[in-house]
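Asker: Before anything else, here's the structure in question.
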Amino acid sequence: MKNLRIACIMLLSAVVMTSCSKQQSSTTGWNLNDPEWGGFEVRANNEQPEAPGLVFVEGGSFTMGRVADDPRFQWNNTAHTVTVSSFYMDETEVTNRSYREFVYWMTRAYGEEYPERVRDIYPDTNCWRDKLAWREAFVDYYFQSPIYDLYPVVGVSWEQASKFCIWRTDRVNEKILIDAGIIVLDQTELRGETAFQTDVYLAGQYRGETKTELENLDPAAGGEPRQVRRTDGILIPHYRLPTEAEWEFAALGLIGNTYDERIIEHKTYPWAGQSVRSANKKYYGQFLANFKRSRGDAMGVAGNLNDGWDYTAPVKWYFPNDYGLYNMAGNVSEWCFDVYRKDPNPVGGEDLDPFRGNVYRTATYIDEEIAINDTTGGIIYKNVDDDLNRRNYRQADNINYLDGDYASNIYDYESKQAISEWAATSSDDEEDSGDAEEASLMNNPDSVTNMMYRRVAAGSTADPVSSLMGNKVRVVKGGSWTDRAYWMQAGTRRFYDQDKSTSWIGFRCAMDCLGPRTK
């Protein structure tokens, strides 16, 4: 953060210096950063600001998916080649202490007026309970006790993890602006509607107190200062959950296993070799991850424990992989950004930064001003309008594209009749059937997914076929303390409902890399 503070000061100094210089445009020859010549501003800074906790992951091509036997015969991770752009990822899984900071801050901002917002993000500590096991100490102490501060947080759903990412982005960007002397640090009367939020600030709707705004070189501004913009390069991009491709690529850490663009041996785990024990002479035979060796053997025999941990372990207990990332196998499984589908590589799918789950949104406007939610203080978003004239996408919700949408319906040979029958058997109002209902189903992504995967409504007279698949089921990667070694393979994949949580799933954050792809 010291380097970040220095960078911000240098950037502000550059603003002043460049405003006095006569740098010229190589395109037009006009003066840049000069109000007399229109005031078009450029910055000398072209590096992405450092963000706390992240490790740089240099991207590249790799074989994603199964490279070993599939004893479960799930056929949900067929090997295929993709390219992942460089990005940033948390060095460790998010810890209890980090998540408690999130809960504490949300309690201060919303706890008095909107306590439901705090309840919505609080971990489910009861996730530790098992009908045939005694784990009440974990229910009471795992999230609260300082003993477990540096252990991975669990009992957090995908939705809660996503909210953590948003909160973390806002706090980091807020500190950047405070360190640069642009906004005032005032936490005495913190309220959610006035708290700093990155998108709200960039939209010009920030309700907090500013300190020193930047000089506005636009002659039409009449000398009025301005706030920081994206073009100033001061603020960081959003923290988010890693995509499945990013997570798997980062877990493999192939930079330590590559010579002249040749991958010497495709790793099964985040470390070299096919064993879960260290081959290093100094640490020979030591276990490299926290997992269950066999039924009834979670940690080894007293006096000679194998991995040493029955449940979770501290986030930096085992050796990191070649990217410097800890526990990319074992300890806890981790949420990914993607919506789960059995085939992660559909015909016609993207092979550069693949991701399923795009729902494009835009800000809502009221009287030509961006609408702000009075409860949260955040921008009110809506899905973008359908645009049939576009070539790259035509609708906001693209979760079902090539797998679950109307065009990929497995009953396409008689799809019209099948949808009509499905509508008639699952409608709450028997009078509302016919063309209107059929059109409604075909335009509803969840309904079309139900047709694709035959998620028949309860009590329906249709075929008694069901599936756990849907648009709110997310990818889970990596093995956990309760799993066998098979699930620690980077290519294995599972799924879990995005609004559910468990004692064996945690998460870590990622961030886009802007600009150069190497460091």
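Asker: Please pick out the residue among LEU352, LEU325 that is closer than 20 Å to CYS165 by Cβ, within 19 Å of the chain's Cα centre (by Cα) and touching a residue at least 40 places away in the same chain (Cβ under 8 Å). Talk me through it step by step, then tell me what you get.
Answerer: Values: LEU352 fails: closer than 20 Å to CYS165 by Cβ.
Result: LEU325 is the single residue among LEU352, LEU325 that is closer than 20 Å to CYS165 by Cβ, within 19 Å of the chain's Cα centre (by Cα) and touching a residue at least 40 places away in the same chain (Cβ under 8 Å).
Asker: Could you count how many residues in segment 250-270 are over 28 Å from ARG171 (Cβ atoms) and out of contact with any helix residue (DSSP H, G or I) (no Cβ under 9 Å at 6 or more places or on another chain)?
Answerer: Initial filter on segment 250-270 (over 28 Å from ARG171 (Cβ atoms)): 252-270.
When the remaining residues are screened for being out of contact with any helix residue (DSSP H, G or I) (no Cβ under 9 Å at 6 or more places or on another chain), the result is 252-262.
Within segment 250-270, residues that are over 28 Å from ARG171 (Cβ atoms) and out of contact with any helix residue (DSSP H, G or I) (no Cβ under 9 Å at 6 or more places or on another chain) number 11.
Asker: Show the residue pairs that are 6+ apart or on different chains and have beta-carbon atoms under 8 Å apart, the first residue being within segment 272-290 and at positive phi, the second being in a loop (DSSP other than H, G, I, E, B).
Answerer: Listed by first residue and then by second, the contacts come to GLY273/ALA279; GLY285/SER278.
Asker: Any residue at all in segment 157-179 that's under 30 Å from TYR269 (Cα atoms), within 20 Å of the chain's Cα centre (by Cα) and assigned to a loop (DSSP other than H, G, I, E, B)?
Answerer: There is at least one residue in segment 157-179 that is under 30 Å from TYR269 (Cα atoms), within 20 Å of the chain's Cα centre (by Cα) and assigned to a loop (DSSP other than H, G, I, E, B).
Asker: In addition: Please go through segment 273-285 and give me each residue that is hydrophobic (A, V, I, L, M, F, W, C) and out of contact with any helix residue (DSSP H, G or I) (no Cβ under 6 Å at 6 or more places or on another chain), ordered by number.
Answerer: First, the residues of segment 273-285 that are hydrophobic (A, V, I, L, M, F, W, C): 276, 279.
Listed by number, the list holds a single entry, ALA279.
Asker: Any idea which residue in segment 355-371 is surrounded by the most Cβ atoms within 10 Å (Cβ to Cβ), counting only those that are in contact (Cβ under 8 Å) with a residue 24 or more places away in the chain and assigned to a loop (DSSP other than H, G, I, E, B)?
Answerer: Among those residues, the one meeting the criterion is ARG356.
Asker: What pairs come up if the first residue lies in segment 225-254 and is over 21 Å from PRO35 (Cβ atoms) and touching a residue at least 12 places away in the same chain (Cβ under 8 Å), the second is among the acidic types (Asp, Glu) and assigned to a strand (DSSP E or B), and their beta carbons are under 7 Å apart, counting only those six or more places apart or on different chains?
Answerer: From residues that are over 21 Å from PRO35 (Cβ atoms) and touching a residue at least 12 places away in the same chain (Cβ under 8 Å), the pairs are PRO237/ASP512; THR243/ASP338; GLU244/ASP338; TRP247/GLU334.
Quick grid of which residues meet (1) farther than 27 Å from ARG493 by Cβ; (2) touching a Cys at 6+ places or on another chain (Cβ under 8 Å); (3) at pLDDT below 95:
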{"residue": "TYR88", "(1), (2), (3)": "no, yes, no"}
{"residue": "GLU91", "(1), (2), (3)": "no, no, no"}
{"residue": "TRP128", "(1), (2), (3)": "no, no, no"}
{"residue": "PRO146", "(1), (2), (3)": "yes, no, no"}
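Asker: A further question on this structure: Hey, can you tell me all the residues within segment 492-511 that are among the basic types (Lys, Arg) and surrounded by fewer than 24 Cβ atoms within 10 Å (Cβ to Cβ)? Steps first, answer last, please.
Answerer: So in segment 492-511, the residues among the basic types (Lys, Arg) come out as 493-494, 500, 508.
Once the filter is applied, which keeps residues that are among the basic types (Lys, Arg) and surrounded by fewer than 24 Cβ atoms within 10 Å (Cβ to Cβ), segment 492-511 yields ARG494, LYS500.
Asker: For segment 186-210, how many residues meet the condition of being more than 26 Å from the chain's Cα centre (by Cα), without any contact (Cβ under 8 Å) to a residue 40 or more places away in the chain and surrounded by 13 or more Cβ atoms within 10 Å (Cβ to Cβ)?
Answerer: 2
Asker: Looking at segment 255-271 only, could you name the residues that are touching a residue at least 24 places away in the same chain (Cβ under 8 Å) and part of a loop (DSSP other than H, G, I, E, B)?
Answerer: Listed by number, the residues that qualify are HIS266, LYS267, THR268, TYR269, PRO270, TRP271.
Asker: Can I ask one more? Which is surrounded by 16 or more Cβ atoms within 10 Å (Cβ to Cβ), more than 30 Å from LEU514 (Cα to Cα) and within 20 Å of the chain's Cα centre (by Cα), of TYR114, TYR122?
Answerer: On the way: TYR114 fails: within 20 Å of the chain's Cα centre (by Cα).
When all the criteria are applied, what remains is TYR122.
Asker: So, in segment 184-236, of the ones that are of a type in the set (Lys, Arg) and part of a loop (DSSP other than H, G, I, E, B), which residue ends up nearest to ILE372 (Cα to Cα)?
Answerer: Applying the first criterion (of a type in the set (Lys, Arg)) to segment 184-236 yields 191, 207, 211, 226, 229-230.
Then keep just the ones that are part of a loop (DSSP other than H, G, I, E, B); that gives 191, 207, 211, 229.
Details: ARG191: 15, ARG207: 11, LYS211: 23, ARG229: 19 Å.
So, considering only residues that are of a type in the set (Lys, Arg) and part of a loop (DSSP other than H, G, I, E, B), the one nearest to ILE372 (Cα to Cα) is ARG207.
Asker: Here are ILE147, ILE166: which of them is among the β-branched types (Val, Ile, Thr) and either surrounded by 14 or more Cβ atoms within 10 Å (Cβ to Cβ) or at positive phi (or both)? Let's see the steps before the verdict.
Answerer: On the way: ILE147 fails: either surrounded by 14 or more Cβ atoms within 10 Å (Cβ to Cβ) or at positive phi (or both).
Just a single option satisfies the conditions, and that option is ILE166.
Asker: Going through segment 372-395 one residue at a time, which ones are outside any strand (DSSP E or B) and modelled with pLDDT of 90 or more?
Answerer: Step one: of segment 372-395, the residues outside any strand (DSSP E or B) are 373-378, 380, 384-395.
If the condition is that a residue be outside any strand (DSSP E or B) and modelled with pLDDT of 90 or more, then ILE380, VAL384 are the ones that fit.
Asker: Could we say that ASN345 is on the phi > 0 side of the Ramachandran plot and in a loop (DSSP other than H, G, I, E, B) here?
Answerer: Numbers: on the phi > 0 side of the Ramachandran plot: no; in a loop (DSSP other than H, G, I, E, B): yes.
So ASN345 fails the test.
Results for (1) over 30 Å from GLN489 (Cβ atoms); (2) of a type in the set (A, V, I, L, M, F, W, C); (3) touching a helix residue (DSSP H, G or I) at 6+ places or on another chain (Cβ under 6 Å), shown as yes or no for each residue.
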{"site": "VAL156", "(1), (2), (3)": "no, yes, no"}
{"site": "GLU189", "(1), (2), (3)": "yes, no, no"}
{"site": "GLU209", "(1), (2), (3)": "yes, no, no"}
{"site": "GLY222", "(1), (2), (3)": "yes, no, no"}
{"site": "VAL228", "(1), (2), (3)": "yes, yes, no"}
{"site": "PRO242", "(1), (2), (3)": "no, no, no"}
{"site": "GLU248", "(1), (2), (3)": "no, no, no"}
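Asker: Surrounded by fewer than 16 Cβ atoms within 10 Å (Cβ to Cβ), in a loop (DSSP other than H, G, I, E, B) and not hydrophobic (A, V, I, L, M, F, W, C), is that true of TYR283? So that I can check it myself, show each step before the final result.
Answerer: On the way: surrounded by fewer than 16 Cβ atoms within 10 Å (Cβ to Cβ): yes; in a loop (DSSP other than H, G, I, E, B): yes; not hydrophobic (A, V, I, L, M, F, W, C): yes.
So TYR283 fits the description; yes.
The values are calculated or read from the model by the stated rules, or taken from the named source; none is laboratory data. The structure displayed is predicted, hence computed values, not measured ones. All Cβ positions, glycine included, derive from the backbone under ideal geometry; neighbour counts span all protein chains shown.
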